[in-house]
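Visitor: Quick one: this structure, given as structure tokens, is what I'll be asking you about.
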Amino acid sequence: AGRTQSGVCYRLWLESEHQTLAAHTPAEILEADLLPLALELANWGIKDATTLRWLDAPPIATLNQANDLLKWLGAIDDKGSITAHGREMNVLATHPRLAHMLLKSQSLNLTPLAAELAALLTERDILRARSKERDNDMRSRIEALHGISIPNHDSDIGAKQRVLRSADQLLQQLQVKVERSRHDHLHDTGRLLTFAYPDRIARRTQDNRFVLMNGRGAMLDHAGTLGNAEFIAIASLDGAGRDARIQLAAPLQLDELLNDFAQQIKILERVEWHERDEVVLAQRERKLGELVLESRPLQQATPELIQTALLQGIKAMGLQCLPLNDESNALRARMTFIRQHDARATQPWPDVSDDFLLDHLDEWLLPWLNNISRRSQLSRLNMQQILLGMLDWNQQTRLNEIAPTHITVPSGSNIAIDYSGSVPTLSVRLQEVFGMTETPRAGNVPMLMELLSPARRPVQVTQDLASFWARGYHDVKKDLKGRYPKHYWPDDPLQAQATARAKPRGT
């Protein structure tokens, strides 16, 4: 109604609600299904809708989506020009989706069934549920149209009559003899719906959840007669995203999809890391859009693809999946030390930090991954050998010179050097370094000497051994002599004989 004179307006809603209302109802073109408009524009020869003068211009993104669907349906070509099939669709007095279904049904001798489906989807639902569990199987509407009683549902007689009249009119437009569909064609319901709604072909993922051809998710509130269907064609969908509800659908057979959409199905060889099973999976897939129709093991995946997928898995799991033992980690520490302290290096030393190794797996690890496709097989790798493989012969020689693994102390013992800290550390019993006058070095860096008691507990830490002998030894000696009276504690450690025993031999 439009106001013709002044008067009183009563708002039949709360004042708080009024503040949230839009100033006016949005123009229909901003929210409507633009597929009919897109087909009409193509029929006019209009390829660019922006060249027209609109009261309200259609949203470009929505119009582009409509044109993409028209291409899929074969109504327009890649240049946006209408095809002969598109002109046939435009002539039919029904939605382009349904027009495409009707035309495709002719070659399958399923036109009466397609006409009934188109009419059912255009008119009001002919079934009324007696409970909250509404029947969501499109086949039930066809059955009800043919007089079959649907459990827990009543049929709307008036709606049925309108549907039958609409179906007859569509058959007349197609110049097809008006007749009812045969009940033995009921199983073709889903197949016909795929022609109208190819973007709503869906596959069950779990329970009542499905994934659509465009990658969206949807679910059934209750399984009903669709409970065992792996593939379905969705005729009516409410909502968007993961919470979209399937209102009407019908089951599909895989062989029907493979046959009817052979031109659109892509065959892909997919080799990728499977996170849960920690293994490289090689699959040969048939895909319709984003929907995987069929997946089978790929028997002859190339080693390069397997190794690339394995590297992705290693990067995702982190270096802890590799057998980095004490020896290989000690080597990494030595390589890190020499990288920081070899001022005379003629070529750069490799970076073996966690971040660098993970970011450059293809450079240092890839050559060693032959015949490995799962995490458990990584244990066979010799990480020390692999890390040394990052160095040439000259670098390996220089590494042993500047950052040796061990040092021989005056007692004759060969003591391991720890490079994991900020400076190399030598943990050695005090009695074994009697007579050592200077702090040992790795390259030009004095080692941190961790001097130990006979029980291998630290008694002094120093990088200046000479200063310790001169200033700290005598206090340490008093304490150790009291705790270990049977051991050798000389007054002059610089002239004393070093020993790995309690006392030097012969004393």
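The values are calculated or read from the model by the stated rules, or taken from the named source; none is laboratory data. What you see is a predicted model; the values in this text were computed from it and never measured. As a convention, Cβ positions derive from the backbone with ideal geometry for all residues, glycine included, and neighbour counts pool all protein chains shown. Only protein heavy atoms, including side chains, enter the accessible area calculation; ligands, DNA and RNA are left aside. Shrake-Rupley method; radii C 1.70, N 1.55, O 1.52, S 1.80 Å.
Visitor: Specify the residue that is nearest to residue 500 (Cα to Cα); the eligible residues are those in region 458-471 that are at pLDDT 95 or above and of a type outside the set (A, V, I, L, M, F, W, C).
Guide: By that ranking, first place goes to 458.
Visitor: Let me ask another. So if I check each of 391, 361, which one is crowded, with 16+ Cβ neighbours inside 10 Å, of a type in the set (A, V, I, L, M) and out of contact with any helix residue (DSSP H, G or I) (no Cβ under 6 Å at 6 or more places or on another chain)?
Guide: Exactly one residue qualifies, and that residue is 391.
Visitor: Oh, and also: Open to solvent by 20 Å² or more (accessible area, probe 1.4 Å), at pLDDT 95 or above and assigned to a loop (DSSP other than H, G, I, E, B): is that true of residue 485 in this structure?
Guide: The answer is no for residue 485.
Visitor: With under 32 Å from the mean Cα position of the chain (by Cα) and modelled with pLDDT of 95 or more as the only criterion, which of 352, 409, 433, 428 stands out?
Guide: One residue alone meets the criteria, 352.
Visitor: Given the residues 187, 183, which is the only one that is modelled with pLDDT under 90, out of contact with any Gly (no Cβ under 7 Å at 6 or more places or on another chain) and not aromatic (Phe, Trp, Tyr)?
Guide: Result: 183 is the single residue among 187, 183 that is modelled with pLDDT under 90, out of contact with any Gly (no Cβ under 7 Å at 6 or more places or on another chain) and not aromatic (Phe, Trp, Tyr).
Visitor: Being modelled with pLDDT of 95 or more and either in a strand (DSSP E or B) or open to solvent by less than 40 Å² (accessible area, probe 1.4 Å) (or both), is that true of even one residue in region 207-224?
Guide: No: region 207-224 contains no residue that is modelled with pLDDT of 95 or more and either in a strand (DSSP E or B) or open to solvent by less than 40 Å² (accessible area, probe 1.4 Å) (or both).
Visitor: Another question, if that's okay. Could we say that residue 125 is surrounded by 13 or more Cβ atoms within 10 Å (Cβ to Cβ) and part of a loop (DSSP other than H, G, I, E, B) here?
Guide: yes
Visitor: Does residue 368 satisfy the condition of being of a type in the set (A, V, I, L, M, F, W, C) and loosely packed, with under 15 Cβ neighbours inside 10 Å?
Guide: For residue 368, the condition - of a type in the set (A, V, I, L, M, F, W, C) and loosely packed, with under 15 Cβ neighbours inside 10 Å - is not met.
Visitor: Among 246, 267, 232, which is the only one that is open to solvent by 80 Å² or more (accessible area, probe 1.4 Å) and either touching a residue at least 24 places away in the same chain (Cβ under 8 Å) or β-branched (Val, Ile, Thr) (or both)?
Guide: 267
Visitor: Might you let me know whether region 296-310 holds any residue that is more than 30 Å from residue 352 (Cβ to Cβ), of a type in the set (Ser, Thr, Tyr) and either open to solvent by 30 Å² or more (accessible area, probe 1.4 Å) or under 20 Å from the mean Cα position of the chain (by Cα) (or both)?
Guide: Checking region 296-310: not a single residue is more than 30 Å from residue 352 (Cβ to Cβ), of a type in the set (Ser, Thr, Tyr) and either open to solvent by 30 Å² or more (accessible area, probe 1.4 Å) or under 20 Å from the mean Cα position of the chain (by Cα) (or both).
Visitor: Can you tell me which residue within region 18-49, out of those that are in a helix (DSSP H, G or I) and open to solvent by 90 Å² or more (accessible area, probe 1.4 Å), is farthest from residue 86 (Cα to Cα)?
Guide: This residue is 28.
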